[in-house]
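**Student:** Supplied in structure tokens, the structure appears directly below.
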Amino acid sequence: MKRQIIRIDEEKCTGCGVCIPGCPEGALQIIDNKARLVSDLFCDGLGACLGTCPEGAIEVEEREAEPYNEAIVMKNIMAAGENTIKAHLKHLADHGELTYHAQALEILKVEGYDTESLCQEETMACGCSGTHTKVIDRQETSAKPMEGSLNSALKQWPVQLTLMNPAAGYFDNADLLISADCVPYAYGDFHRRFIQGKIVITFCPKLDADIESYIDKLAQIFVLHTIKSVTIVRMEVPCCGGTEVIVKRALEKAGKLHFVKVYVVSVDGNLI
């Protein structure tokens, strides 16, 4: 059957193993100094490992593959211990895979596990940490509120990479700010701290579908224009590391060398 499943570019893979903890199903192993997909049966194709690879060697593709089998996966999961079980259950729930989630719980019940305890939100160690729910406690400030509205520092439109024309004149001699989608919501001083004087490009390295087209488009921008500087702002969650990977691959494709300044923003809105 044809389905979504990961593909590993062996030429790019360095065997660093960073991707391994991101796959609670145990579909990935380091063999002969390379990350390998050990069985189609183990890979759910949801891409928890995407964005963890510093070399951009992992992507999701649609191809002929054996159907994912929750019963076989659960044998590996249970052998790896309770934290891996929790990570797997949370992973399935976060991606809306309720059928597989129900199958996993039924298998665990038969094996004598306390499924209520395993499903408690606060104890789950999800391999896909970008989906963790969190309440951010903002203390009320006693400072006098600012009067009037703040002016936008945005210099161009559009900002979404999907909509941008690589030949647009505003890229000439530009200072680029490449931002992951969530950053402006998390970092309150985004306009003053980052946008001032820059051309903004934004995308999501985890949820956007056609990452290869993003690499191509960024490469065109680097080829067609003199770029003065490149700044990346991304979130702290592992999948957001894909922002850096995409820019790196675009520069390689364009045959350009650039010093890239990277800022990382925590979920509660602080620069790390």
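The values are calculated or read from the model by the stated rules, or taken from the named source; none is laboratory data. Note that this is a predicted model, so its numbers are computed, not measured. Glycine also receives a Cβ, built like all others from the backbone with ideal geometry; neighbour counts cover every protein chain displayed.
**Student:** I'd like to check something: does segment 25-32 contain any residue that is surrounded by fewer than 15 Cβ atoms within 10 Å (Cβ to Cβ), among the acidic types (Asp, Glu) and in contact (Cβ under 8 Å) with a residue 40 or more places away in the chain?
**Tutor:** Checked against the condition, which is being surrounded by fewer than 15 Cβ atoms within 10 Å (Cβ to Cβ), among the acidic types (Asp, Glu) and in contact (Cβ under 8 Å) with a residue 40 or more places away in the chain, segment 25-32 yields no hits at all.
Every residue, every condition in (1) within 21 Å of Gly197 (Cβ to Cβ); (2) in contact with a Cys (Cβ under 7 Å, 6 or more places away or on another chain); (3) touching a residue at least 60 places away in the same chain (Cβ under 8 Å); (4) in a loop (DSSP other than H, G, I, E, B), yes or no:
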| site | (1), (2), (3), (4) |
| --- | --- |
| Arg234 | yes, yes, no, no |
| Thr243 | yes, no, yes, no |
| Ile246 | no, no, yes, no |
| Glu252 | no, no, no, no |
| His258 | yes, no, no, yes |
| Val267 | no, no, yes, yes |
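**Student:** Has segment 63-75 got any residue that is touching a residue at least 40 places away in the same chain (Cβ under 8 Å), of a type in the set (S, T, N, Q) and not assigned by TED's automatic domain parsing to the domain that holds Gly242?
**Tutor:** no
**Student:** Sticking with this structure for a sec: Could you go through segment 136-147 and let me know if any residue there is outside the structural domain of Phe190 (by TED's automatic domain parsing), modelled with pLDDT under 75 and under 14 Å from Phe42 (Cα atoms).
**Tutor:** Within segment 136-147, not a single residue is outside the structural domain of Phe190 (by TED's automatic domain parsing), modelled with pLDDT under 75 and under 14 Å from Phe42 (Cα atoms).
**Student:** Sticking with this structure for a sec: Would it be correct to say that Met78 is modelled with pLDDT of 85 or more and crowded, with 18+ Cβ neighbours inside 10 Å?
**Tutor:** Against the criterion (modelled with pLDDT of 85 or more and crowded, with 18+ Cβ neighbours inside 10 Å), Met78 does not qualify.
**Student:** Looking at Gly188, Gly197, can you tell me which residue is of a type outside the set (Lys, Arg), outside any helix (DSSP H, G or I), assigned by TED's automatic domain parsing to the domain that holds Cys240 and out of contact with any strand residue (DSSP E or B) (no Cβ under 9 Å at 6 or more places or on another chain)?
**Tutor:** Gly188
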